[in-house]
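S.K.: Before I ask anything, here is the structure I am working with.
The values are calculated or read from the model by the stated rules, or taken from the named source; none is laboratory data. Just so we're clear, the structure is a prediction, and the values are computed from it rather than from any experiment. Using ideal geometry, Cβ is built from the backbone for each residue, glycine included, and neighbour counts are taken over all protein chains shown.
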Amino acid sequence: MKQRLLKSALAACVMALCFLAFCMVQFTNADEQISECLNCHRQRNLNANEGILSSQLFCYDCHLNPASHEDFRDAKVSLQVKPEYFQQSSHRFVACIQCHADVARSPHRSLSGVTCLQCHINFLGAPGTHASHIRVRCEACHTDSQFVALDIAGNEVKLSHTNVESLPISLAEHKTTDVAREEFCTKCHASNNQVGAPTMVLPSKSFVCIACHYSPLRMSNPIFLVAIIIAIIGIVGTLAFWFRASVQGEVSSVHRKFQLGSEVVWSKIFSREFFSIMNTIFFDVLLQRRILANGVSRWFIHSLIFYSFFARFALSSFTLLLQKVSPGSELAMMLVNKDSGFVATFNDITGVFILAGVAWAMFRRYVSKPEYVSTEEQDTLALIIIGLVTLTGFIVEGVRILITQIPQQIALSAFAGYLISRILSVVNINWQWAYGYLWYVHAMLWALFIAYLPFGKLKHIFTTPLSLILNYKKE
Amino acid sequence: MAEQTIQQETFWRFSVLQRTVHLTVMFAFIGIGLTGFSMAFSSMAPARAFAWFLGGVDSVRYLHRLFAVVLYLCVVTEVLWLIYYKFILRGNLLGPHSICFTKQDLSYFRDHIGYILALRNAPPPFERFAWWEKLDYWTLFIGMQTMGLTGLLLWFPEFFSRFVPGYFINLAQVLHFDEAVLAVLYKFFIHTTVRHFRPEVYPGDWTIFTGKTTKEKIRRTHPGEWARLNASVQANSAGER
């Protein structure tokens, strides 16, 4: 025992030494390497207000002058920065070249535009609305200009350089939008807008949507609050009912019941039986051995629904975690964007699987009716809710692809959604107007799912694994 | 624990809740210490390596705050437990079973120091929690409030500088760091040594992890509690007769 301890201590020491050596090589010279470049290429110290102000003055030399302009389609467009706006903004202690990163060169022209996300890495962390506006450039909303345009080829919504009469307008004022004002949203979310926005201003997703979609940690809409309250009442009721029974001989004191029950859980977790419980979790809960024993087709139907939901939940939770731990990383941005190839295809495949599972189950219950399948109302209700949630999800996706005019090569990743969008495009309805209502139908169906969770058939999502784990020994 | 009889060799000392809170605090404290010091000593190579390993300073900052929230949730749990103990279980917060300091702890402290200096023959009859156990608990409990407050100031400087002058943020930074050093020194050296490395308990006192303690241990380390247990058992058996 002692020798083993000694050996592991030695191994730990060696590993720690290797780690330290690695640190010394990898990290000690980080600063010196950077300063080598800056030995010749001197610039103002943008980490101090003095450097920032002196850098700003350099730009102001021309851009404060009311006469500074550029020629655009035979018209003069002002390039004057209005200090009364800029000095009021929260960027007043930021140097111009920190946002307009590629203008300090010749020719004096920006190709990339402002680089907001270089500093606002965690832009998805703040209000939940950012995630659904991922293809909208920041300045399109946050600059006080009424004119926005959709660049279909670049799949971007950006500030327009022209007004409704196609006359060039100046964007140099640097007046930012007050995000509390309603016009902030309605400049795009208006009927018959040209940027592919739905007419209705919709709330962001709620955290309960995490079962299938990446969503921010917020309640977002009262319908979800109502659903959660109903669900909590159901859960508390179920737990109260369970704790009415006796626990290890204790019948009256709930405190003692909790104490004894938690003691059992603790002793199982920290004992060798933990591995047999893990065994049960792996085979019976994850691989659903018992359902397989009941029949292959039954297992297939259940798996189509269960694994699809499980995979979607896993991906969206992972996205949320990644977005929190490593905001702005390429992977996080890709996973948050529902139009990115992987996410779109993944969501459509899992959605199709769920629909196929529901359809197959319905077929068995109401058409082929094998003898061993007994149908109760509860089963039908659960199947209908799951089926409708998925179906409306696809319709909402199809309408979104249709109205946002996502380029075909991007939209095709969501193969089912794209197909639906093509079919819907034949129907002559104002889809920008309809989108909001369809979104609410989908959201309310999910709220219904949440509220119904502890009461009907759906509670097996929690109770079946629990009873399998509790009865692990009876194998 | 009146229902336990005198014949038993093992006794329950900590409930599952207390064990869970201790485990959580333990890991969160290690985590918050590692992330915090890797930020405080960001000019040093091992700290940079650690930050790189976690995915950059943003992740370190995020994890540090996550651990802080977890730690503070543990404090909230303890407060809720004390409320539950007082009002539902009808426990006495100044009674012999309580973790709270009482006047008696002062005299026990004096007697204990006397015992250590060989001025007394026997240690005082400690109740369920001895003075250094209470100290361990309350240093962390109170430390969490001050660390939490200075931490919040550093987390939301824009918000707090609406109410307090700007130099409070610098002050918070200094205090946060200094108290972090104090807390880490206390927990990693004094607490660990007193609880696990004393010759009496070396290589470790597992009571807080298993919840179990022995008759012998109670008799030796908490004689007051032992006497009370005996008295209650005797009273019970007398009542049964």
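S.K.: If the Cβ limit is 6 Å and pairs must be 6+ apart or interchain, which residue in the stretch B:8-35 that is away from every other protein chain (no Cβ under 12 Å) pairs with which residue that is surrounded by fewer than 16 Cβ atoms within 10 Å (Cβ to Cβ) and of a type in the set (Lys, Arg)?
M.R.: Pairs that qualify, where the first residue is away from every other protein chain (no Cβ under 12 Å) and the partner is surrounded by fewer than 16 Cβ atoms within 10 Å (Cβ to Cβ) and of a type in the set (Lys, Arg), are B:9/B:215; B:10/B:212.
S.K.: In addition: Give me the residue from the stretch A:265-305 that is among the polar types (S, T, N, Q) and within 14 Å of chain B (Cβ to nearest Cβ) and, out of that set, surrounded by the fewest Cβ atoms within 10 Å (Cβ to Cβ).
M.R.: Kept after step one, since they are among the polar types (S, T, N, Q), are these residues of the stretch A:265-305: A:267, A:271, A:276, A:279-280, A:288, A:294, A:297, A:303.
Filter once more, so that each one left must be within 14 Å of chain B (Cβ to nearest Cβ): A:267, A:271.
On the way: A:267: 14, A:271: 11.
Looking at residues that are among the polar types (S, T, N, Q) and within 14 Å of chain B (Cβ to nearest Cβ), I get A:271.
S.K.: To continue, here is another question. Tell me, which residue of the stretch B:43-60 that is more than 7 Å from chain A (Cβ to nearest Cβ) and in contact with a Leu (Cβ under 9 Å, 6 or more places away or on another chain) is modelled with the lowest pLDDT?
M.R.: B:54
S.K.: Among the residues in the stretch A:114-129, are any more than 14 Å from every other protein chain (Cβ to nearest Cβ), touching a Leu at 6+ places or on another chain (Cβ under 9 Å) and either loosely packed, with under 15 Cβ neighbours inside 10 Å or assigned to a loop (DSSP other than H, G, I, E, B) (or both)?
M.R.: Within the stretch A:114-129, none of the residues are more than 14 Å from every other protein chain (Cβ to nearest Cβ), touching a Leu at 6+ places or on another chain (Cβ under 9 Å) and either loosely packed, with under 15 Cβ neighbours inside 10 Å or assigned to a loop (DSSP other than H, G, I, E, B) (or both).
S.K.: Being in a helix (DSSP H, G or I), surrounded by fewer than 19 Cβ atoms within 10 Å (Cβ to Cβ) and of a type outside the set (Gly, Ala, Ser): is that true of residue A:390 here?
M.R.: no
S.K.: Just to confirm my filter: which helices (runs of 4 or more DSSP H) fall fully inside the stretch A:411-475 and include at least 1 residues that are closer than 22 Å to residue A:344 by Cα?
M.R.: Working: elements: A:415-426, A:431-452, A:460-470.
Here the list reads A:415-426, A:431-452.
S.K.: Take residue A:263 and decide whether it is more than 29 Å from residue A:408 (Cβ to Cβ) and modelled with pLDDT under 85. It would help to see each step written out before you state the result.
M.R.: Values: more than 29 Å from residue A:408 (Cβ to Cβ): yes; modelled with pLDDT under 85: no.
It is false that residue A:263 is more than 29 Å from residue A:408 (Cβ to Cβ) and modelled with pLDDT under 85.
S.K.: Could you please find all residues in the stretch A:357-387 being small (Gly, Ala, Ser) and surrounded by fewer than 16 Cβ atoms within 10 Å (Cβ to Cβ)?
M.R.: A:359, A:368, A:374
S.K.: Scan (1) within 14 Å of chain B (Cβ to nearest Cβ); (2) farther than 30 Å from residue A:121 by Cβ; (3) assigned to a helix (DSSP H, G or I) for the single condition residue A:320 breaks and write down its number.
M.R.: Failing condition for residue A:320: (2).
S.K.: I'd like to check which helices (runs of 4 or more DSSP H) are fully inside the stretch A:171-283 and have at least 3 residues that are not hydroxyl-bearing (Ser, Thr, Tyr) and not assigned by TED's automatic domain parsing to the domain that holds residue A:150.
M.R.: Because the criterion is at least 3 residues that are not hydroxyl-bearing (Ser, Thr, Tyr) and not assigned by TED's automatic domain parsing to the domain that holds residue A:150, the helices (runs of 4 or more DSSP H) in the stretch A:171-283 that meet it are A:222-242, A:254-269, A:273-280.
S.K.: What number of residues within the stretch A:169-228 satisfy the criterion of being over 30 Å from residue A:306 (Cβ atoms) and out of contact with any Gly (no Cβ under 7 Å at 6 or more places or on another chain)?
M.R.: So the count comes out to 31.
S.K.: List the pairs whose first member sits in the stretch B:83-103 and is away from chain A (no Cβ under 14 Å) and closer than 17 Å to residue B:126 by Cα, whose second member is surrounded by 12 or more Cβ atoms within 10 Å (Cβ to Cβ) and aliphatic (A, V, I, L, M), and whose Cβ atoms are under 6 Å apart, counting only residues at least 6 apart or on separate chains?
M.R.: Sorted first by the residue in the stretch B:83-103, then by its partner, the pairs are B:100/B:93.
S.K.: Looking only at the stretch B:109-129, decide whether some residue is closer than 30 Å to residue B:40 by Cα and hydroxyl-bearing (Ser, Thr, Tyr).
M.R.: Within the stretch B:109-129 (the criterion being closer than 30 Å to residue B:40 by Cα and hydroxyl-bearing (Ser, Thr, Tyr)), the answer is no, since none of the residues qualifies.
S.K.: Here's something else I'd like to know. Only one of B:107, B:98 is crowded, with 16+ Cβ neighbours inside 10 Å and either over 24 Å from the mean Cα position of the chain (by Cα) or not acidic (Asp, Glu) (or both). Can you tell me which?
M.R.: Only one candidate passes the filter, namely B:98.
S.K.: Also, I was wondering about something else. Is it true that residue B:140 is under 23 Å from residue B:30 (Cβ atoms), within 14 Å of chain A (Cβ to nearest Cβ) and among the aliphatic types (A, V, I, L, M)?
M.R.: no
S.K.: Turning to a different aspect of this structure: Collect the residues in the stretch B:30-54 that are of a type outside the set (Gly, Ala, Ser) and assigned to a helix (DSSP H, G or I), keeping them in residue-number order.
M.R.: B:30, B:32, B:34, B:35, B:37, B:39, B:46, B:48, B:50, B:52, B:53
S.K.: Please enumerate the residues belonging to the stretch A:259-276 that are of a type outside the set (Asp, Glu) and over 21 Å from residue B:84 (Cα atoms).
M.R.: Of all residues in the stretch A:259-276, those of a type outside the set (Asp, Glu) come to A:259-262, A:264-272, A:274-276.
Of everything in the stretch A:259-276, those that are of a type outside the set (Asp, Glu) and over 21 Å from residue B:84 (Cα atoms) turn out to be A:264, A:265, A:266, A:267, A:268, A:269, A:270, A:271, A:272, A:274, A:275, A:276.
S.K.: Taking interchain pairs and intrachain pairs at least six residues apart, which have beta carbon atoms under 7 angstrom, with the first residue in the stretch A:223-248 and free of Cβ contacts under 8 Å to residues at least 60 places away in the same chain and the second in a helix (DSSP H, G or I)?
M.R.: Within 7 Å, the pairs are A:243/A:254; A:243/A:257; A:247/A:257; A:247/A:260; A:247/A:261; A:248/A:260.
S.K.: Looking at (1) surrounded by 15 or more Cβ atoms within 10 Å (Cβ to Cβ); (2) modelled with pLDDT under 90, which one does residue A:45 not meet, given that it meets all the others?
M.R.: The one condition residue A:45 does not meet is (1).
S.K.: In addition: Of all the residues that make up the stretch A:323-345, how many are more than 14 Å from chain B (Cβ to nearest Cβ) and part of a helix (DSSP H, G or I)?
M.R.: Residues that pass the stated criteria total 9.
S.K.: If you check A:216, A:168, A:198, which single one turns out to be touching a residue at least 40 places away in the same chain (Cβ under 8 Å) and in contact with a strand residue (DSSP E or B) (Cβ under 6 Å, 6 or more places away or on another chain)?
M.R.: Values: A:216 fails: in contact with a strand residue (DSSP E or B) (Cβ under 6 Å, 6 or more places away or on another chain); A:198 fails: in contact with a strand residue (DSSP E or B) (Cβ under 6 Å, 6 or more places away or on another chain).
Result of the check over A:216, A:168, A:198: A:168.
S.K.: Report the residue count in the stretch A:130-147 for those that are part of a strand (DSSP E or B) and at pLDDT 90 or above.
M.R.: Count: 1.
S.K.: Consider the stretch B:121-167. How many of its residues are more than 19 Å from residue B:110 (Cβ to Cβ), under 18 Å from the mean Cα position of the chain (by Cα) and of a type in the set (Gly, Ala, Ser)?
M.R.: Qualifying residue count, the stretch B:121-167: 2.
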